[in-house]
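A.B. asks: The structure is given below, and queries will be raised subsequently.
Every number in this text was worked out from the coordinates using simple rules, so none of it is lab data. Since the structure is predicted, the reported quantities are computational estimates derived from the model, not experimental observations. Because the Cβ atoms are built from the backbone with ideal geometry, glycine has one as well, and the counts that use them run over all protein chains shown.
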Amino acid sequence: MIHEFRHIRAFLKIAETRNFTRAANDLHVSQSALTVRIQHLEESLGVRLFDRNKRGVTLTPAGKNVFGPLQRLFNDAQVIVEHTRDLSSRSTGLVTIAALPTVCAGVLPDLIRSFGRTYPGIRIQIADVIAERVREAVLKREVDLGIGTRHGRDAELRATPLFSDRLVFFLPPGHSLTKRAAITLREAIAFDLILPARDSSVREMVEAIARAEHIALETRHETHLMPTALALVRFGLGIAILPESAAGPQAREFVRIPVNSRSSRRQVELLQKRDVTLPPEAESFAQHLRRYFRSTRAGGENPPC
């Protein structure tokens, strides 16, 4: 197919210049190579395209008839090639992501900002959903990528560890527990607890800790959204248990103290549908994610919040 378009380009250039020598120079090929291309095109079409005489080169009637269609075909091919190059260079397009709400509120904005510096033409569409919905969206190919957690192994998912996220208590300044290095769940229940809703992976972690430590878990407030939980803490309505990755700029006013439990950590992973080739723009974002978290681990840092 590439050869055929070279032949068409040669035909159009000769028709434009009316001179084989000038056309060969413009195309940076020898005159003999140009002649061969025209011969191949004439053989393919079954017609003679040019007449040569002392005055130069003129189109035959058949050449005049095919000039318009061949020019449109060549122009359309050029558009396709340029569009494909844009895709292969990953400079444009849309990346769809399903991510945990804590990730969306914490590390994801900084990731998107740094990615956008390199790929300003790529748009990011985000669905902030609970862990189970992240997995479901990836498996159903509703999104390109997921950032979440898994329950055990899933043969249909390819998972790349990104960072280890720990549960912490968010307390208002001046709270009686702010001087502690860590707080147990048993100690915390003496205060009003603010927890994520029951369908969240964080709530599952907290309930698992409560069962392991034989604690009757009582909550004062429940909320689906992290900003709502932090707003309740801000107004002195209790202390919230949230992943540390939820600490965005709005959380810097709070004191964060780790939950004292061996089960207070979870692995956050990049999730992809196994055996599915990502679009170039999504592959670029996946590579950026992996580099981003490799650099933070190498530096001994927690994910930037």
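A.B. asks: Based on Cβ point charges of +1 for Lys and Arg and -1 for Asp and Glu, what charge dipole magnitude is obtained for the stretch 2-88 about its Cα centre, in debye rounded to the nearest 20?
C.D. replies: Using Cβ point charges on Lys, Arg, Asp and Glu, the stretch 2-88 gives about 440 debye.
A.B. asks: Just need the relative contact order of the chain here, percent rounded to a whole number, with Cα pairs under 8 Å and 6+ apart.
C.D. replies: 22 percent
A.B. asks: About the Cα centre, and with charges only on the beta carbon of Lys, Arg (+1) and Asp, Glu (-1), how big is the dipole of the chain? Nearest 20 debye, please.
C.D. replies: 1020 debye
A.B. asks: Pick out, from Phe163, Ala137, Thr219, the residue whose Cα sits farthest towards the positive end of the charge dipole of the stretch 93-298, with +1 on the Cβ of Lys and Arg and -1 on the Cβ of Asp and Glu.
C.D. replies: Highest projection toward the positive end goes to Phe163.
A.B. asks: Put +1 on the Cβ of each Lys and Arg and -1 on the Cβ of each Asp and Glu in the stretch 2-88; which of Leu59, Phe11, Gly46 then has its Cα farthest toward the positive end of the dipole?
C.D. replies: Leu59
A.B. asks: To continue, here is another question. Please list, in order along the stretch 225-242, the HN-Hα scalar couplings obtained from phi with the Karplus expression 6.51 cos²θ - 1.76 cosθ + 1.60 (θ = phi - 60°), rounded to whole Hz, x for Gly and Pro.
C.D. replies: Karplus-based 3J(HN,Hα) across the stretch 225-242 equals 9, 4, x, 5, 4, 5, 5, 5, 5, 4, 8, x, 8, x, 10, 9, 9, 9 Hz.
A.B. asks: From the helices alone, meaning DSSP H stretches of at least four residues, give me the mean residue ellipticity at 222 nm for the chain, per-run term -39500 (n - 2.57), in deg cm²/dmol to the nearest 500.
C.D. replies: The helix-only estimate for the chain comes to -14000 deg cm²/dmol at 222 nm.
A.B. asks: Provide the gained length on full extension for the span Arg166 to Glu283, in nm with one decimal, where the gain is 0.36 nm per separating residue minus the Cα-Cα distance.
C.D. replies: Taking 0.36 nm per residue and subtracting the Cα distance, the gain is 39.3 nm.
A.B. asks: Follow-up. With a 10 Å radius around each residue's Cβ, average the other Cβ atoms per peptide and rank 159-171, 60-72, highest first.
C.D. replies: 159-171, 60-72
A.B. asks: For the ranges 191-197, 47-53, 14-20, 31-37, what's the packing order if you count other beta-carbon atoms within 10 Å of each residue, average per peptide, and put the highest first?
C.D. replies: Ranking the peptides 191-197, 47-53, 14-20, 31-37 by packing returns 191-197, 14-20, 31-37, 47-53.
A.B. asks: Same structure, new question: Report, to the nearest 10°, how far helix 2-17 tilts away from the longest principal axis of the Cα atoms in the chain, using its own Cα long axis and a range of 0 to 90°.
C.D. replies: Here the helix axis deviates by roughly 50 degrees.
A.B. asks: Now, a different point. Tell me which residues come under 5 Å, amide H to amide H, from Phe50 once H is placed; ignore anything under 5 positions away on its chain.
C.D. replies: Thr60
A.B. asks: Lys and Arg at +1, Asp and Glu at -1: add these up for the other residues within a Cβ distance under 10 Å of Leu157 and post the number.
C.D. replies: Taking every other residue near Leu157 into account, the sum is +3.
A.B. asks: Here is a follow-up. So which aspartates and glutamates can Lys13 reach, going by Cα to Cα under 12 Å and dropping same-chain residues fewer than 8 places off?
C.D. replies: Once the sequence-local aspartates and glutamates are set aside, what remains near Lys13 is Asp26.
A.B. asks: Sticking with this one: Please find, in a Gaussian network model of the chain (springs between Cα atoms separated by less than 10 Å), the residue of His151, His28, His221 whose mean-square fluctuation is greatest.
C.D. replies: Among His151, His28, His221, the largest GNM mean-square fluctuation belongs to His28.
A.B. asks: What is the order of Ile189, Ile257, fewest Cβ neighbours within 10 Å to most?
C.D. replies: In order of increasing Cβ crowding within 10 Å: Ile189, Ile257.
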